[in-house]
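Inspection log for the structure reproduced underneath, given as structure tokens.
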Amino acid sequence: MDLQRLTLFQSHVANTAVNGPTINLNYPKLENADRQFRMLVLKPSGDFSTDIKCHIHNRSQNPNPAYEALSYRWGDPKDTTPIHVRLTEHQGEKEADEAPYLPWPVTRNLEQALRALRLPDTDRLLWVDALCINQNDDVERGKQVRIMGQIYQNCVRDLLWLGPENVQISRAMRLILKIQGHGESGHNKTCRSTVETESTTFSAFSDQDWDDLKRLIMHPIEWGRVWIIQELILSPEFTLVCGKDTLDWSCIDSVLNNNRDVLRKIDLQGPELGMLLEVISKVSTIRVYRMPPEITNHLFSKSLLTTFFFFLDWEATDGRDKVYAVLSLTTDGKNMSVDYQNTMDQLSIDFAKTCLAQGNVRLLSHNTTYCVAKTQYLKQHPSGSEYSTTEQELLVPRRKDWPTWIPDLSDDIIKGAKISGLSVAGVSKYNACGTVESMKALQVSQCRITPSLGLLMGGVFVDSVALVNPITLVSDNETPRDRWTRDVLAWAPPETKQHNAILQLYPWSDSQHESVVSAYWRTIVTDRRADKRLNAEDLRQTKWYTDVSEGSDIPKENMLLVGWRFGKTAAGLYCMLPPQSKVGDTICVPLGGQVPLLLRPQNGDDELYDLIGEAYVHGVMDGMGILRAVANMSRMLQADPNHDYEHMATKLQHETMGTQFYMKTFHIV
């Protein structure tokens with residue numbers, strides 16, 4: 001539901017006369033707007049050009065009528081045309097002869113869809129958001145959005161309107177049906193159409209055929225619209241409609257999933273190729289989300305946090321819809337209120353509270369400070385320009401009135417938090433918090449939000465930052481590979497450059513025999529490939545120093561760490577730190593978190609902290625920090641079993657030999 005366009009549309013309608021004075025639809029009030037919804041009965045006509053007439057009536061969800069849902073783009077809110085609407089309380093209610101059809105302006109795109117979908121001699125029962133929801137009632141609108149997931153789940157099928165009749169799209173639909181008879185995996189039995197499937201070879205297709213197919217796959221109207229997500233995922237069936245032509249979604253899904261030969265035949269280069277890959281990625285995500293929960297539950301989380309970041313790049317004119325449109329797909333967001341009177345700030349707070357209510361502290365990995373702007377800044381202002389002389393100019397100022405732990409969903413930089421750093425779409429390959437048993441041993445309570453929007457949470461204090469290498473800028477004649485080579489050689493600690501460095505052991509490793517050379521290399525690449533953690537085979541095969549000295553390509557994983565730099569803690573732990581890190585920052589592992597966090601004491605106060613971002617700390621990314629804290633606590637208990645937990649933590653903090661790995665309560669503001 002495009003709220004900004006809706007507001008413009010309502011404003012335009014309020015000042016539009018249709019065949020006389022302005023008409024406002026007086027909707028019969030829904031008795032229970034969070035359980036009931038309205039239906040639209042599209043009246044038949046054998047003449048395509050006659051006026052569109054429809055009835056709108058209230059209908060309870062139980063029992064469910066056999067209706068179809070319509071998905072479409074609203075279009076230009078100022079480009080309207082009238083249809084004729086009759087409102088009734090209930091379906092089948094006897095209508096008085098004097099009850100007139102009311103002329104009501106709708107966007108031209110919706111009018112074209114209704115005209116094409118009208119049957120010649122039979123009513124067609126539809127659910128259409130613009131007409132079945134009283135768009136002038138914010139309270140009803142919010143309640144109806146809450147049940148839209150159920151509306152799509154209970155429909156017979158969803159109809160995705162691509163636009164009026166188009167010769168190229170029509171030919172492409174028929175081509176896909178032919179491909180279904182000659183795909184790599186054979187005919188897709190779930191693909192249904194009234195057009196007879198033909199078996200043929202790709203060599204029989206002309207250049208025009210492939211151009212047509214490209215036009216359909218790259219169709220700009222719907223692929224990126226955020227509201228289509230739940231429509232595609234929850235509807236039992238999904239049909240593309242272009243004029244009078246239709247194509248089952250399973251057909252185009254099969255082409256993009258199975259037919260590599262087809263995709264190779266579509267001649268795309270440059271930006272178009274990127275767009276195709278984006279479409280394939282989005283279709284793949286939809287495919288996975290449509291799978292039964294028993295298949296997907298062990299593959300990834302469908303939490304609000306993960307789902308929000310999965311679909312963050314999909315379009316919404318109103319930023320609030322980035323959250324509201326995915327609530328019905330989540331395991332923990334279904335009870336979150338939908339209120340279009342809320343500001344983006346209030347929505348951001350509600351979003352954070354909902355995530356944390358389920359113990360999802362991964363939220364803290366997505367504070368929105370610097371990621372995308374940093375990347376863009378380095379591209380736009382290379383070294384030597386008047387704008388790139390200091391580190392401070394490379395960092396995006398943080399909102400001073402905003403809690404550092406709550407992602408600002410109104411900020412475009414949130415898109416950078418999806419792909420930058422150590423977590424991608426709320427998912428990380430690390431497990432710094434360790435096992436459930438380890439956390440239970442530390443006797444830690446759940447995090448708590450204070451009335452002033454501070455966050456009280458337990459975690460393991462790892463160490464403080466003692467060394468931060470400077471941010472390096474890209475010079476005019478320097479490639480990213482050159483910069484990567486220069487950085488990793490310049491940052492290498494002295495112990496890694498000694499002639500016997502391969503024999504010197506890194507004392508904080510989770511393995512017993514890791515050299516400082518190996519530890520440094522694994523730290524620089526954050527111990528991962530772009531899509532997975534490093535394994536023993538990766539470590540054996542990679543000749544790191546040789547690769548760097550010979551000018552190897554930048555590891556893909558480091559493209560996610562633009563602006564990050566190497567650092568060390570007071571005890572000598574190797575780190576990769578975000579751009580705004582400073583000496584004296586605190587590294588902690590939050591209980592329940594997958595990655596360590598970088599905190600900064602406010603004005604030297606060790607009770608209040610700002611959240612700076614994620615940090616990679618070699619030797620604690622797989623639970624060793626938690627285990628060391630448990631071991632320290634056990635040692636204290638053995639020495640003095642009568643002291644309480646808080647006393648032990650304080651004593652550990654002040655012991656000369658125990659300044660790392662102790663439990664602490666952090667108050668993040």
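The values are calculated or read from the model by the stated rules, or taken from the named source; none is laboratory data. Here the structure is a predicted model, which is why all the values come from computation and not from measurement. Don't worry about glycine lacking a Cβ; one is built from the backbone with ideal geometry, like all the others, and counts go over all protein chains shown.
Residue-level analysis places Ser235 among those that are under 30 Å from Asp318 (Cβ atoms) and at pLDDT 85 or above. So Thr472 clears everything in (1) within 31 Å of the chain's Cα centre (by Cα); (2) modelled with pLDDT of 85 or more except one condition, right? Which one? The single condition Thr472 does not satisfy is (2). Listed conditions (1) small (Gly, Ala, Ser); (2) at pLDDT below 70; (3) within 30 Å of the chain's Cα centre (by Cα) are all met by Ser60, apart from (3). With respect to the conditions (1) over 22 Å from Pro82 (Cβ atoms); (2) out of contact with any strand residue (DSSP E or B) (no Cβ under 9 Å at 6 or more places or on another chain), Ile151 lacks only one, and its number is (2). Residues in segment 321-351 that are part of a helix (DSSP H, G or I), of a type outside the set (Phe, Trp, Tyr) and closer than 15 Å to Thr307 by Cβ: Asp321, Lys322, Val323, Leu327, Ser328, Leu329.
Among what's in segment 270-297 and is closer than 23 Å to Leu216 by Cα and either among the basic types (Lys, Arg) or part of a loop (DSSP other than H, G, I, E, B) (or both), pick the residue that is modelled with the lowest pLDDT. This residue is Lys282. For segment 566-618, the set of residues classified as of a type in the set (D, E, K, R) and either at pLDDT below 90 or surrounded by 17 or more Cβ atoms within 10 Å (Cβ to Cβ) (or both) consists of Lys568, Asp585, Arg600, Asp605, Asp606, Glu607, Asp610, Glu614, listed by residue number. For segment 443-456, filtered to residues that are within 23 Å of Asp622 (Cα to Cα) and touching a Leu at 6+ places or on another chain (Cβ under 7 Å), the residue that is modelled with the lowest pLDDT is Val444.
Condition first: at pLDDT 80 or above and under 21 Å from Ile83 (Cα atoms). Now tell me which residues in segment 12-36 satisfy that.
Asn26, Tyr27, Pro28
Residues checked against (1) assigned by TED's automatic domain parsing to the domain that holds Phe661; (2) assigned to a loop (DSSP other than H, G, I, E, B); (3) under 22 Å from Pro596 (Cβ atoms); (4) modelled with pLDDT of 85 or more:
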{"site": "Glu478", "(1), (2), (3), (4)": "no, yes, no, no"}
{"site": "Thr485", "(1), (2), (3), (4)": "no, no, no, no"}
{"site": "Asp510", "(1), (2), (3), (4)": "no, yes, yes, no"}
{"site": "Ala519", "(1), (2), (3), (4)": "no, no, yes, yes"}
{"site": "Thr526", "(1), (2), (3), (4)": "no, yes, yes, yes"}
{"site": "Ala530", "(1), (2), (3), (4)": "no, yes, yes, no"}
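Considering only segment 607-619, state which residues are in contact with an Asp or Glu (Cβ under 8 Å, 6 or more places away or on another chain) and in a loop (DSSP other than H, G, I, E, B). Within segment 607-619, His618, Gly619 meet the criteria. Contact map, segment 495-520: residues that are buried (at least 18 other Cβ atoms within 10 Å of the Cβ) paired with residues that are in a loop (DSSP other than H, G, I, E, B) and among the aromatic types (Phe, Trp, Tyr), Cβ distance under 9 Å, separation 6+ or inter-chain. Pairs shown: Glu514/Tyr506; Ser515/Tyr506; Val516/Tyr506; Val517/Tyr506; Ser518/Tyr506; Ala519/Tyr506; Ala519/Trp508; Tyr520/Tyr506. Would you check if Phe300 is of a type in the set (Phe, Trp, Tyr), part of a loop (DSSP other than H, G, I, E, B) and either within 24 Å of Met218 (Cα to Cα) or at pLDDT below 85 (or both)? Yes, satisfied.
Residue-by-condition table, conditions (1) farther than 22 Å from Gly454 by Cβ; (2) among the hydroxyl-bearing types (Ser, Thr, Tyr); (3) without any contact (Cβ under 8 Å) to a residue 40 or more places away in the chain:
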position: Cys575; (1), (2), (3): yes, no, no
position: Val583; (1), (2), (3): yes, no, no
position: Leu598; (1), (2), (3): no, no, no
position: Asn603; (1), (2), (3): no, no, yes
position: Leu611; (1), (2), (3): no, no, no
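Candidates Val338, Val372: the one that is at pLDDT below 70, hydrophobic (A, V, I, L, M, F, W, C) and within 22 Å of the chain's Cα centre (by Cα) is Val372.
Could you go through segment 43-50 and let me know if any residue there is at pLDDT 75 or above, touching a Lys or Arg at 6+ places or on another chain (Cβ under 6 Å) and surrounded by 15 or more Cβ atoms within 10 Å (Cβ to Cβ). The answer is yes, given that some residue of segment 43-50 is at pLDDT 75 or above, touching a Lys or Arg at 6+ places or on another chain (Cβ under 6 Å) and surrounded by 15 or more Cβ atoms within 10 Å (Cβ to Cβ).
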